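The values are calculated or read from the model by the stated rules, or taken from the named source; none is laboratory data. The structure presented is a predicted model; accordingly, all values stated were derived computationally and were not measured. So basically every Cβ, Gly included, is an ideal-geometry build from the backbone, and we count neighbours across all protein chains shown. Please note that ligands, DNA and RNA were not included when accessible areas were found on the heavy atoms of the full protein model with its side chains. Shrake-Rupley method; radii C 1.70, N 1.55, O 1.52, S 1.80 Å.
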Amino acid sequence: MNADQDVPAAAPALTVPGTAAEGRQPFRSQPVSFVRRGSRLQGRRREAWAELADDYLIDVPRITTDTSVAPGFVLDADVVFGRRAPLVVEVGSGLGEAIAAMAEREPGRNFLALEVYRPGLAQTMLRIEQQSLTNVRVAQVNAAEAMAGMLPASSVDELWVYFPDPWHKARHLKRRLVQESFAVLAARVLTPGALFRLATDWSSYAVQMRSVLDASADFENLHHGERAGAQSPLTQVWESGVELVVGGAPVREGKDPVSTGNTGVNEGTDTLGGWAPRFEGRPLTSFENKAIEAGRMVFDLTYRRR
Ligand SMILES: C[S@@+](CC[C@H](N)C(=O)[O-])C[C@H]1O[C@@H](n2cnc3c(N)ncnc32)[C@H](O)[C@@H]1O
């Protein structure tokens, strides 16, 4: 599928970790939030890519790798979706469970899945086809790059980041997707009043998301102060120590349990709260299911673009 590539303006001068556009440095001069997992397609997913990409996969011009976005490329969503409608964007859509479920429920909105993992995109296209959805498109891109230039400013009506890779170890924290630079990108693409929904099953990442977005003048927590104290999933994680073991083995980096290492272990009570109720539009994905089976808590956050 071809989007409008005839856009002379260069991508805005935003600093995006790990992007080709950043100071025109080589791609991955900064850490990115993903690693290249096997991108080879097999069986039904391979066939799906061959058969369905023309209909659902956005043809993104590249500069370096197959997840990069050529500077100057701007998506024309009206052309890509063949209609004008509110746009929901999911960053790191995995196998497409959430986006396909919501697209089916809300045919009046357009849904765009941004994902680097090719088998996940193939699976998402299979879902689109199986569910006869006409309102979903997918793009194989580093979402940070897409949000810096490919998506026009104020063009997104809802943004989702569900269960981003946790990057537990202290030396990997800089790879986490949701950090200050990402909040700037989210603010750039979201239209005023639009919602930014996040979920994670790791307390230290939940705290990082909350701190980053609370500190941004562009966002307002829709559930400010809610579920604090004993009601807070954070308090419950600290009290239970559930994150101190994963799959029966302690999660450790040096002497500290890494998942709670940057929030403090058993800090006592989370007095801030701010946790949203579980978004009923988010189906239980395999990632979330594994977390629940391991006894971990799930943290939801919902912010509104000012
Ligand atoms: C832990 S999985 C969660 C998938 C899905 N959201 C879910 O809840 O089932 C995180 C996903 O984010 C993707 N990802 C990580 N960094 C990304 C980036 N910068 N741009 C696009 N996708 C990214 C990974 O490839 C992976 O599929």
Can you name the residue in region 177-233 that is part of a loop (DSSP other than H, G, I, E, B) and within 14 Å of the ligand (Cβ to nearest atom) and is also surrounded by the most Cβ atoms within 10 Å (Cβ to Cβ) among such residues? W202
For region 49-75, how many residues are away from the ligand (no atom under 16 Å from the Cβ), within 17 Å of N110 (Cβ to Cβ) and open to solvent by less than 50 Å² (accessible area, probe 1.4 Å)? 2
Is it the case that some residue within region 100-118 is of a type in the set (A, V, I, L, M) and away from the ligand (no atom under 16 Å from the Cβ)? no
Residues that are more than 9 Å from the ligand (Cβ to nearest atom), of a type in the set (V, I, T), within 13 Å of the chain's Cα centre (by Cα) and surrounded by 24 or more Cβ atoms within 10 Å (Cβ to Cβ): does region 129-136 have at least one? no
If you take the residues in region 76-93 that are more than 19 Å from A186 (Cα to Cα) and either within 16 Å of the ligand (Cβ to nearest atom) or among the basic types (K, R) (or both), which one is least open to solvent (accessible area, probe 1.4 Å)? R83
Please indicate, with yes or no, whether at least one residue in region 168-175 is modelled with pLDDT of 95 or more and either open to solvent by less than 10 Å² (accessible area, probe 1.4 Å) or aliphatic (A, V, I, L, M) (or both). no
With the requirement that a residue be open to solvent by less than 10 Å² (accessible area, probe 1.4 Å) and either of a type in the set (S, T, Y) or touching a Leu at 6+ places or on another chain (Cβ under 9 Å) (or both), what does region 94-105 give you? G96, I99, A100, A103
Considering only residues of region 78-92 that are more than 18 Å from the chain's Cα centre (by Cα) and assigned to a loop (DSSP other than H, G, I, E, B), which is nearest to Q123 (Cα to Cα)? G82
Just one of G108, G38 is open to solvent by less than 80 Å² (accessible area, probe 1.4 Å), assigned to a loop (DSSP other than H, G, I, E, B), modelled with pLDDT of 90 or more and not acidic (D, E); which is it? G108
Which listed residue is under 21 Å from the mean Cα position of the chain (by Cα) and either among the basic types (K, R) or outside any loop (DSSP other than H, G, I, E, B) (or both), from L95, L75, L126, L52: L126
